[in-house]
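Remarks on the structure that follows.
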Amino acid sequence: MYAAHFKLTCFPFENTLGQHFLFMSRSHEEVTAALLYFVMERKSFALICGDVGTGKTMLVRHLLARLPGSVVAILLPYPDVEYIEMLRYLARVLGLGTERKGVLELSDELKARLATMGAKGNQVVLIIDEAHLLPISSLESIRLLSNIELADHKLLQILLIGQSELALKLRKPELRQLRQRVTINRVLLPMTQAETINYIDFRLRIAGSSFEACFKPGSERLITRLTGGVPRNINRLCDTAFLICMTLKTQRVTKGILRKAHKALESDSTRRGIGRGDRRKNFRHALATATLLIVLAAGYFLSARNISRRPLKTVESRVSALAPLQPAPTIGKGQKEGKTVVSPRQDNGQTFPLPRKTDSTPPLPHQSLTQSVKTSQKPPVYPIPAVPGGATKEEPKENNPAPLRTDYRTIFVKKGDSLSRIAARCFPDEPVLGLKKILQANPKIRDKDLILIDQSLNVPREEPVKANLPPGEVKQ
């Protein structure tokens, strides 16, 4: 399409194997010289590696055109085959029958045919392109093919051509025998910046133009950076840039057009442009999902740990745990007009206020959790024995135990505690009676088998009232 726009006789950047477009860089010339030496000196194995698009196949075509007529080159089109298939293919090319013949019979016939051809001055070269696709078993079979030889020279020469993965594969320990037989080992390198510009100019001159006529000055370095000096990449970039120039109706390629052409090539969804955006989006989604999972797992772990440390049976027990227990008030000695006088209890110089009189009835099951919380936040009210007006306290009888003055101390539940253990620790003489007293002093405890860690408990601290006991009957 753009040939007429640039006044070209042909399209100079087609990725074809036309030998008239072959540009010999320094690396191409070195590899070609090594291959000619391999054929003429009848070496056993040769290995040529190169990156994608460096021109390996085109160089093989150039080699075949330069070989003398006495050399019979056999190009194996499908390298990934079994050893018996390789033997049958070679036999068919050399004019041998392959029907109902095994490996040994085919090997003997091939050796005899190759020896006959060698006596006539001919030599056979097996060229395997795309050899990096060969599995290890097939490479070992190729090594067995090289055993077809005479005492003084090889009857079959083998040339392996592939990408850089082939050299890495041959480094494996199981292929060390094949690696030792490789006598020619070359790498086809990308072109330098000067070679890249000469390559473009060479193709444009064949088409009737030149680099200076089609490209603006200063674009040489950008072309090399965008293509990496690989011939196939150069052809793709220049072909797209010329097409954009025709669309924009300009006569020379600028840096902006080169970047636009590169972006157009790389924006294919199967390559980098859209795919890169998709990869970034997928990475963000995966990162967000992983973060959410970590947060949920951490929350579940902490929740399970708290539940295991602080078991709760009902909602009421959770609600009641929110209200700290207050110390019980004491009954004053004085009474006024038949009413009980209650004064704040003092402990260690601190005065505890009297609890307000509230309804201590537990919330009903049908009440909402909010009402339960509000109720539980009110300080508890402990029963206080009322003394009728005008009545007096009875004097203790001779056989009755001395009356006790009830006082309370606050303790906090530790890990592993139970009400029975606390009663045994605080009332070692009468633990059963002590348990009952603790339950009376803590009416919020509805289940004696369920107490919470760090929960505060009122424990009665009882002492004999010495003033009301006869002499000699006060227990020490």
- Where residues in segment 52-99 are among the aromatic types (Phe, Trp, Tyr) and outside any loop (DSSP other than H, G, I, E, B), which of them is modelled with the lowest pLDDT? Tyr83
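Pick out, from segment 165-230, the helices (runs of 4 or more DSSP H) lying fully within it that include 1 or more residues that are closer than 30 Å to Ser44 by Cβ. Lay out the reasoning, then the answer.
Numbers: elements: 176-181, 193-206, 211-214, 220-227.
The helices (runs of 4 or more DSSP H) meeting that bar are 176-181.
Suppose the filter is in contact (Cβ under 8 Å) with a residue 40 or more places away in the chain, farther than 24 Å from Lys172 by Cβ and either assigned by TED's automatic domain parsing to the domain that holds Leu159 or in a helix (DSSP H, G or I) (or both); does Leu114 pass it?
Spelling it out, Leu114 is indeed in contact (Cβ under 8 Å) with a residue 40 or more places away in the chain, farther than 24 Å from Lys172 by Cβ and either assigned by TED's automatic domain parsing to the domain that holds Leu159 or in a helix (DSSP H, G or I) (or both).
Across segment 4-46, what is the number of residues that are closer than 24 Å to Glu195 by Cα and among the small types (Gly, Ala, Ser)? It would help to see each step written out before you state the result.
Of segment 4-46, the ones closer than 24 Å to Glu195 by Cα are 6, 8-36.
Okay, now just the ones that are also among the small types (Gly, Ala, Ser), so 18, 25, 27, 33-34.
Residues meeting the conditions: 5.
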- Message: Every residue in segment 1-51 that is part of a loop (DSSP other than H, G, I, E, B), touching an Asp or Glu at 6+ places or on another chain (Cβ under 9 Å) and among the charged types (D, E, K, R), please.
- Response: Glu14
- Note on the structure: Expected output for segment 124-142 (first residue buried (at least 20 other Cβ atoms within 10 Å of the Cβ), partner at pLDDT below 85, Cβ below 6 Å, 6+ apart or cross-chain) is Ile128/Pro79; Ala131/Pro79; Leu134/Pro79
- Could you look through segment 14-39, keep only residues that are polar (S, T, N, Q) and under 17 Å from Leu188 (Cα atoms), and pick out the one that is surrounded by the fewest Cβ atoms within 10 Å (Cβ to Cβ)? Thr32
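Determine, yes or no, whether Phe38 is touching a residue at least 60 places away in the same chain (Cβ under 8 Å), out of contact with any Ser or Thr (no Cβ under 8 Å at 6 or more places or on another chain) and aromatic (Phe, Trp, Tyr). Steps first, answer last, please.
Values: touching a residue at least 60 places away in the same chain (Cβ under 8 Å): yes; out of contact with any Ser or Thr (no Cβ under 8 Å at 6 or more places or on another chain): no; aromatic (Phe, Trp, Tyr): yes.
Criteria not met by Phe38.
Condition test on Leu59, is it surrounded by 14 or more Cβ atoms within 10 Å (Cβ to Cβ), aliphatic (A, V, I, L, M) and free of Cβ contacts under 8 Å to residues at least 60 places away in the same chain?
Details: surrounded by 14 or more Cβ atoms within 10 Å (Cβ to Cβ): yes; aliphatic (A, V, I, L, M): yes; free of Cβ contacts under 8 Å to residues at least 60 places away in the same chain: no.
It is false that Leu59 is surrounded by 14 or more Cβ atoms within 10 Å (Cβ to Cβ), aliphatic (A, V, I, L, M) and free of Cβ contacts under 8 Å to residues at least 60 places away in the same chain.
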- Task: Can you run down the residue pairs with Cβ atoms below 6 Å, 6 or more apart or on separate chains, where the first is in segment 406-430 and without any contact (Cβ under 8 Å) to a residue 60 or more places away in the chain and at negative phi and the partner is polar (S, T, N, Q) and surrounded by 12 or more Cβ atoms within 10 Å (Cβ to Cβ)?
- Result: Phe412/Ser456; Val413/Gln455
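Each row is one residue, and each column tells you yes or no for (1) loosely packed, with under 14 Cβ neighbours inside 10 Å; (2) within 30 Å of Leu134 (Cβ to Cβ).
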position: Lys172; (1), (2): yes, yes
position: Arg176; (1), (2): yes, yes
position: Val182; (1), (2): no, yes
position: Ile200; (1), (2): no, no
position: Ile206; (1), (2): no, no
position: Glu220; (1), (2): no, no
position: Thr224; (1), (2): no, no
position: Gly229; (1), (2): no, yes
- How many residues are in contact (Cβ under 8 Å) with a residue 40 or more places away in the chain, surrounded by 14 or more Cβ atoms within 10 Å (Cβ to Cβ) and of a type outside the set (Ser, Thr, Tyr) if we restrict to segment 68-84? 8
- Message: Can you list residue pairs whose Cβ atoms sit under 6 Å apart, with the first residue in segment 207-220 being without any contact (Cβ under 8 Å) to a residue 40 or more places away in the chain and the second being assigned to a loop (DSSP other than H, G, I, E, B)? Count only pairs 6 or more apart in sequence or on different chains.
- Response: Lys216/Arg252; Lys216/Thr254
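The values are calculated or read from the model by the stated rules, or taken from the named source; none is laboratory data. Just so you know, these numbers come straight off a predicted model, no measurement behind them. Note that each Cβ is placed from the backbone with ideal geometry, even for glycine, and that neighbours are counted across all protein chains shown.
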